[in-house]
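A quick write-up on the structure given underneath.
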Amino acid sequence: MRFALPLAIFLALAVMLGLGLQRDPRALQTALLNQPAPAIARPLLEDPRQQFDQASLRGQVWLLNVWASWCAPCRQELPLLVEFSRRDQVPVYGLNYKDQPDKARALLRVAGNPYVASAVDADGRTGMDFGIQGVPETFVIDGQGRVRYRHLGPVTAEVWQQKLLPVVKAVQ
Amino acid sequence: MIAELGVFSMVLSLIVAFVLACLPLAGAQLGIRSWVALARPAAALHCLLSLLSIAILTWCFRAGDFSVLYVAANSHSELPMMYKLTAVWGGHEGSMLLWQVMLACWTLAVAWRSRALPPAFVARVLAVLGWISVGLLLFLLFLSNPFTRLVPAALEGKDLNPLLQDPGMVFHPPLLYMGYVGFAVPFAFALAALISGELGAAWARWSRSWTLAAWGFLTLGILLGSAWAYYVLGWGGWWFWDPVENASFMPWLLGTALLHSLIVTDQRGAFRSWSALLAICAFSLCLLGTFLVRSGVLTSVHAFAVDPGRGLFILCFIVAVVGTSLWLFAWRAAALGQGGGQFGMLSRETLLLVNNVLFSAAALAVLLGTLYPLALDVLSDEKISVGPPYFQAVFLPLVLPAVALMGVGAVARWKLGTWAEIWRRLRAALAWSAVCAVVLVLSNGRLGPRISPATLLGVTLGLWCVLSTLAHAWQRLAPAWREGQGWQRLARQPWGWWGMLMAHAGVGIFVLAVSLADGLESKRETSVAQGETVELAGYRFRFDSLAPAAGPNYDAQRAQFSVRHGNEQWLMYPEKRVFRAQTMGLSQAAIDSGWTRDVFVALGEPLDEAGSRWTVRLQIKPFMDWIWLGTLMMALGAGLSLMDTRFRVARQRLPQRAPKALQERLS
């Protein structure tokens, strides 16, 4: 009987892969679109005693950038976000995803801090609410607190100019 | 016309593969010798036809025939000739064709190198390989035909993906596929043994050389892939636990386990069913890797073909191949897998078993991390990704003990070892490692930069691997040396022993280098304007100038950095390339490699229109080159072991058991 165990495990795996094949890996792109952004009731990276205040952001368009110090592309986009958010006057907030606060703060000190504030999502629950698929990701959130755009992967100059900025301008 | 010939040769190849899959197998079961005798010529013809089809595809690329869809999608008239040839396997269809051709080559190699094995057994092995070829050729012909015409023909090609336009990419896919596909051979041997009931020491010995060859190629393939990520992706790392990387790493882990388990089956007759299961699983993971990369089930940095139809076919193919073999295993292994010598708690068998369990568990952990996002998606509609923190937390605790036990396993006796003997043989290595560890801990932060406990552990472990391997070599050779017969003793050692030493020392150097390169690295992402100087870990980088430069098929912004360290000063030229055909940007990092450190400069993005201010990524990675050296030594170790006469003796001795008449008929 124990020799049949590998076969049983494999068949279960095959069923799962078969079901997985029916899924569209990018389906979530539309699932959150124009829906209210999930709540980010998380402590701030800069000061753990304070909570991320989502309600106060009503009435302005802002970007939520999901990042972590262990994520190589995130490190790469940081200086870019610093420069562009200042230049184009777009506030960027961070969601520090499954990270250690010391390492996250250390990275921001070295690479520059583009965020008005960063919420600490140590266990990744908030990330799950947002349906994070990979880090980094960037969401555009409008004045009513709705998700208007989602970008998977690092922000480059092209992405900023051709994708994020047009959405921000249109929503404003 | 030429392209149609390619399709034609693929169809012929399919027919031959089908004959190869059916007749020799039936012949071996029913005892029909003429059908058994068909296996070798069919394997040769099959290989010839497969080579012909890839030669024709290569010709289409060389000639720039843009009326072939695949050529138009992956080539360009300005593409340098070397990359035109690389483009043959730069896309989905071509890389699947390469897979199939490699399989045909391995099949031929088995037919050629196993003339001394019992014919019925070889016929079964070749038939199993034939079945795999049938599946792949059906897939190629119906779902990813590289010779599909484009009507009307394109005037210009879309160019090869710029990321793939790198010298490393010329050799990475063929070597990786040689390894991937090579595991089909031990798989076929295991299946043939399960079918015929000869799951014994002889089977293990025959499988060993093939496993070694496949493992060596896979090691080289992963090495090149990783070097490619380091030199071309420009992210400054060399391993990202990306699903595609994991897909090649899982068979490597199981292959390592298989390699060691087959030693026990060969020498002591034990672990038979376990070795067979490992052989089946290693190849299953190779197929699964293909599925993951090709189907789009998991999104990844460099999955370049996303097509559910193809994914469904590959899944059905996997279910057929793996399901059948595991069913065969469930049915036959219980009866065949028993036996083998007894062994004590402290023996080489036990230590190799621990190695096996740890490596299999590590492969399972990587598999879990790779598939968990998918499982969660299917079960609960959540989409997540599993990152390096998971893999580091789960993988390292499993593999580090295996690495630590490596030196002990090599010196322990078969059957029953004693602590006293192991202590006697390893105490010097242990003492030196301990001394180094103590010195490191005491001097930490006083002589150089402060390093973390994990790095200390890694350095000590790497030293222990190298020292215990050296101690092993010394004890084998030193007595003869004292008697003045050192050279004779040296020459009399089997190649397999040298290979083992080389590979184990390579593991030590690899662990040492990884610990130092990751533990002591300094990096900095910052923005810098022309004329400014940035400092990192005692290196001063001055951004001198930026000038346009033109390559054969790209335009680049070429920056000049003068780097100063101590009294030395040199220039580095990172580039930002834009490929004309795809207008895709690529950052070509400048890397100054040295024995003790790599200096890495990569351009990020321009921060103003004039391009006077850029984001840059600077890195100093100590002992980076030693990572490649350690891996190379592992692959070289496999190569040395392959020269061992034991594998050749096996080929000469065993056929005498086969009936004489049958041998004569076949020769």
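Any read-out appearing in this document is the output of simple, stated calculations on the displayed coordinates, not a laboratory observation. Everything quoted here is computed from the prediction, not taken from an experiment. Here the Cβ positions follow ideal geometry from the backbone for every residue, glycine too, while neighbour counts run over all protein chains shown.
A dipole drawn for segment B:407-480 from +1 and -1 charges on Cβ atoms has a positive end, and of B:457, B:467, B:419 the residue lying farthest that way is B:419.
For segment B:120-202, the alpha-carbon radius of gyration amounts to 1.62 times the rule-of-thumb value 2.2 N^0.38 Å expected for a compact globular protein. Pair-distance distribution P(r) for the protein assembly as shown, from all Cα-Cα distances in 10 Å bins starting at 0: 2, 12, 20, 23, 21, 14, 6, 2, 0, 0 percent. The relative contact order of segment B:209-291, computed from alpha carbon pairs under 8 Å that lie at least 6 residues apart in sequence, is 30 percent. Counting Lys and Arg as +1 and Asp and Glu as -1 over every other residue whose Cβ lies under 10 Å from the Cβ of residue B:411, the net charge comes to +4. For segment B:468-478, putting each phi into the Karplus relation 6.51 cos²θ - 1.76 cosθ + 1.60 with θ = phi - 60° gives couplings of 5, 5, 5, 4, 4, 5, 4, 5, 6, 9, 4 Hz, in residue order, rounded to whole numbers and with x for Gly and Pro.
Using the Cα centre of segment B:61-206 as the reference point, and only Cβ charges (+1 on K/R, -1 on D/E), how large is the resulting charge dipole? Debye, rounded to the nearest 20.
Value, rounded to 20: 520 debye.
Distant-in-sequence amide contacts of residue B:607, defined by a placed amide H-H separation under 5 Å and a gap of 5 or more residues or a different chain, comprise B:613, B:614, B:615. Dividing the helix sum by the residues of the protein assembly as shown, where each DSSP H run of 4 or more adds -39500 (n - 2.57), gives a mean residue ellipticity at 222 nm of -20000 deg cm²/dmol. Report the one residue of B:440, B:218, B:351 whose Cα lies farthest in the direction of the positive end of the charge dipole of the protein assembly as shown (charges on C-beta: Lys and Arg +1, Asp and Glu -1; origin at the Cα centre). The listed residue farthest towards the positive side: B:351. Spread over its residues, the convex hull of the C-alpha atoms of chain B is 186 Å³ per residue. Note on B:518, A:123: ascending count of other Cβ atoms within 10 Å places them as A:123, B:518, the fewest first.
Comparing A:156, A:126, A:138 in a Gaussian network model of chain A, where Cα atoms under 10 Å apart are tied by springs, the biggest mean-square fluctuation is seen for A:156. When the alpha carbon gyration tensor of segment B:1-156 is reduced to an equivalent ellipsoid, the three semi-axes, largest first, read 35, 14, 10 Å.
Counting alpha carbon pairs within less than 8 Å and at least 6 residues apart, what relative contact order, in whole percent, applies to chain B?
Dividing the mean separation by the residue count of chain B yields 12 percent.
Sorting the Cα pairs of segment B:526-646 by distance into bins of 10 Å, from 0 upward, gives 12, 35, 25, 16, 8, 3, 0 percent per bin.
Expressed as a fraction of 2.2 N^0.38 Å, the value expected for a compact globular protein of N residues, the C-alpha radius of gyration of segment B:193-271 is 1.43.
Placing unit charges on each Cβ (+1 for Lys and Arg, -1 for Asp and Glu) gives the protein assembly as shown a dipole about its Cα centre, and among B:537, B:342, B:370 the Cα reaching farthest toward its positive end belongs to B:342.
In a reduced charge model with +1 at each Lys and Arg Cβ and -1 at each Asp and Glu Cβ, the protein assembly as shown shows a dipole moment near 3000 debye about its Cα centre.
So what is the relative contact order of chain A, in percent, for Cα pairs below 8 Å that sit 6 or more residues apart?
Reported relative contact order: 27 percent.
Taking Cα centre as origin and charging only the Cβ of basic (Lys, Arg, +1) and acidic (Asp, Glu, -1) residues, the dipole magnitude of segment A:1-135 rounds to 220 debye.
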